[in-house]
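Visitor: Let me give you the structure first, and then I'll get to my questions.
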Amino acid sequence: MAEDFKVQQPQLLEVSELFSRKGSEAQPVVLESDLQNEASDDPQTGFKSSLQTMAELQPKSVDHPQDWGVIASGDAPLHIADRLESDSSEEEPSAEKDDQSEPAESSDNLWRSGRPDGHAPIGVMGDHTHGAGEVMFSYRFMRMEMAGNRGGTTDLTPAQVLQQFPVTPTEMTTDMHMLGAMYAPTDELTLSVMAPYIFKSMEHVTRMGTRFTTQSDGFGDIQLMGLYKILDQDRQRIHFNAGISFPTGSTNSRDDTPAGPNQVLPYPMQLGSGTFDLHPGITYLGQSDHWSWGGQALGTLRLGTNGNSYRLGNRFNLTGWGARRWNNWLSTSIRLKGATWGNITGADPRLNPAIIPTANPNLRGGTRLDVGLGLNFLVNQGVLAGHRLAVEFALPVYQSLDGPQLETDWVLTLGWQKAF
């Protein structure tokens, strides 16, 4: 047995020396001569003593590739090297880990905004609240294209409209740039402000075949809104929306027409309502590991009559959406939006409702149902970490208009958001 111990002795020393190299300076050093003396005096006692000494050594992980040569070289038992190499490979983190892998879900069962679908599709306003002290800035661009007229659910040709009016609109483009800011003084209350700048352009044709274009641009009505959270549990949230808009948009936009220069433009070409308007509503949000969903009901209630003796019709919007989170930077969404709005009460005395349908206050109401598809992006790395980008494209699937009235063809919304 002593002979066997002497054969294995060099290999054991190489391993022990490697482990003790990273130990503290106070750790005892075992010399080969000491082990030989102990083995020669009493082989059995020396063997036990050597094992006890080896057990007292503090094992250290091998951090440098060159150290493996000590274990794997010479006559060292292969099972020792294999065991150490296996242990190291299990502890070493993978260098191939995907930086874009999905983050682990929190175990506190709360709704989370720090994911791409943590915000609603970009066409939804006032969809989320913030934590106390948090600030968010946003920018949205919206383009709405309208072409062709409709009465009820029936499409009307320009010739059919011109049988009733000397002039008819044929197309309209509305571009809106909206700057927004949100601030949360508490976890329950978030305040927001939105300021739009609007460009409008409308194409016309007369019975004589003359075509002309009118344009208007300027600030629209600025809106302040408070969002008050009343539920936050089981990965669901509910908050009330309470907003008011101020009559900062013009109701006196003018342009040149065949009737003369600097003419007052009809109702849809004006930039604001001219009245203080209330915006009450409620918003619901829910999410699971890979899905999120929500809904919002939001109204617009006009207060009083503007300086031009009319009041736009009240409006009610109802929308619902679902989104799929594919990873920690991308989600897709589908949304259904319904809107209904009333005709104008009163009339602007400067407009002649018999000339063009857009000047008739009784031809402004309607109902529309849109389907929108969206993408939400959340940047997680680099200098743009935390920035959000989003796009939504919506198409009407149903329109019933108190016409003749221009019908909507499509609506595109792009957006950027960043919270601090």
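Visitor: Take ARG315 and tell me if it is closer than 23 Å to VAL411 by Cβ, open to solvent by 50 Å² or more (accessible area, probe 1.4 Å) and not hydroxyl-bearing (Ser, Thr, Tyr).
Guide: yes
Visitor: Is it the case, given these coordinates, that ASP348 is more than 21 Å from GLY123 (Cβ to Cβ) and open to solvent by 50 Å² or more (accessible area, probe 1.4 Å)?
Guide: Against the criterion (more than 21 Å from GLY123 (Cβ to Cβ) and open to solvent by 50 Å² or more (accessible area, probe 1.4 Å)), ASP348 does not qualify.
Visitor: Counting residues that are under 16 Å from PHE212 (Cβ atoms), which strands (runs of 3 or more DSSP E) fully inside segment 249-292 reach at least 3?
Guide: In segment 249-292, 254-257, 260-264 are the strands (runs of 3 or more DSSP E) which contain 3 or more residues that are under 16 Å from PHE212 (Cβ atoms).
Visitor: With respect to TRP410, is the statement that it is in contact (Cβ under 8 Å) with a residue 12 or more places away in the chain, of a type in the set (Phe, Trp, Tyr) and either in contact with an Asp or Glu (Cβ under 7 Å, 6 or more places away or on another chain) or open to solvent by less than 60 Å² (accessible area, probe 1.4 Å) (or both) true?
Guide: Taking the combined requirement at face value, the residue satisfies it.
Visitor: For LEU271, state whether it is open to solvent by less than 40 Å² (accessible area, probe 1.4 Å), touching a His at 6+ places or on another chain (Cβ under 9 Å) and touching a residue at least 24 places away in the same chain (Cβ under 8 Å).
Guide: no
Visitor: Next question. Has segment 193-203 got at least one residue that is out of contact with any Ser or Thr (no Cβ under 8 Å at 6 or more places or on another chain), under 25 Å from SER400 (Cα atoms) and charged (D, E, K, R)?
Guide: Within segment 193-203, not a single residue is out of contact with any Ser or Thr (no Cβ under 8 Å at 6 or more places or on another chain), under 25 Å from SER400 (Cα atoms) and charged (D, E, K, R).
Visitor: Suppose we filter MET172, MET142, MET146 for residues that are at pLDDT 95 or above and within 30 Å of ARG237 (Cα to Cα); which single one remains?
Guide: From the options MET172, MET142, MET146, the qualifying one is MET142.
Visitor: Looking only at segment 157-168, how many residues end up being outside any loop (DSSP other than H, G, I, E, B) and open to solvent by 40 Å² or more (accessible area, probe 1.4 Å)?
Guide: Residues flagged as outside any loop (DSSP other than H, G, I, E, B) and open to solvent by 40 Å² or more (accessible area, probe 1.4 Å) within segment 157-168 amount to 3.
Visitor: I would also like to ask the following. Got a sec? Which of VAL391, VAL371, VAL397 is under 26 Å from SER138 (Cβ atoms), more than 15 Å from the chain's Cα centre (by Cα) and of a type in the set (Val, Ile, Thr)?
Guide: Sole residue among the options that is under 26 Å from SER138 (Cβ atoms), more than 15 Å from the chain's Cα centre (by Cα) and of a type in the set (Val, Ile, Thr): VAL371.
Visitor: Consider ASN308 against the criteria (1) crowded, with 17+ Cβ neighbours inside 10 Å; (2) touching a residue at least 60 places away in the same chain (Cβ under 8 Å); (3) outside any strand (DSSP E or B): it satisfies all of them except one. Which criterion is unmet?
Guide: Evaluating ASN308 over (1) crowded, with 17+ Cβ neighbours inside 10 Å; (2) touching a residue at least 60 places away in the same chain (Cβ under 8 Å); (3) outside any strand (DSSP E or B) leaves (2) as the failure.
Visitor: Considering each residue of segment 270-294, count those that are under 18 Å from MET225 (Cα atoms) and either over 24 Å from the mean Cα position of the chain (by Cα) or of a type in the set (Gly, Ala, Ser) (or both), and give that number.
Guide: Adding up the residues that qualify gives 7.
Visitor: With the requirement that a residue be of a type in the set (Val, Ile, Thr) and open to solvent by less than 20 Å² (accessible area, probe 1.4 Å), what does segment 116-149 give you?
Guide: Within segment 116-149, ILE122, VAL124, THR129 meet the criteria.
Visitor: Separate question: Check whether at least one residue in segment 320-338 is under 23 Å from ARG302 (Cα atoms) and more than 21 Å from the chain's Cα centre (by Cα), and report yes or no.
Guide: yes
Visitor: Related question: Could you list all residues from segment 364-420 that are closer than 19 Å to ASN328 by Cβ and small (Gly, Ala, Ser)?
Guide: Of everything in segment 364-420, those that are closer than 19 Å to ASN328 by Cβ and small (Gly, Ala, Ser) turn out to be GLY374, GLY382, ALA385, GLY386, ALA390, ALA419.
The values are calculated or read from the model by the stated rules, or taken from the named source; none is laboratory data. This one's a predicted model, so the numbers in the text were calculated from it and none came from an experiment. As a convention, Cβ positions derive from the backbone with ideal geometry for all residues, glycine included, and neighbour counts pool all protein chains shown. Protein only, heavy atoms only, side chains kept; ligands, DNA and RNA dropped before computing areas. Shrake-Rupley method; radii C 1.70, N 1.55, O 1.52, S 1.80 Å.
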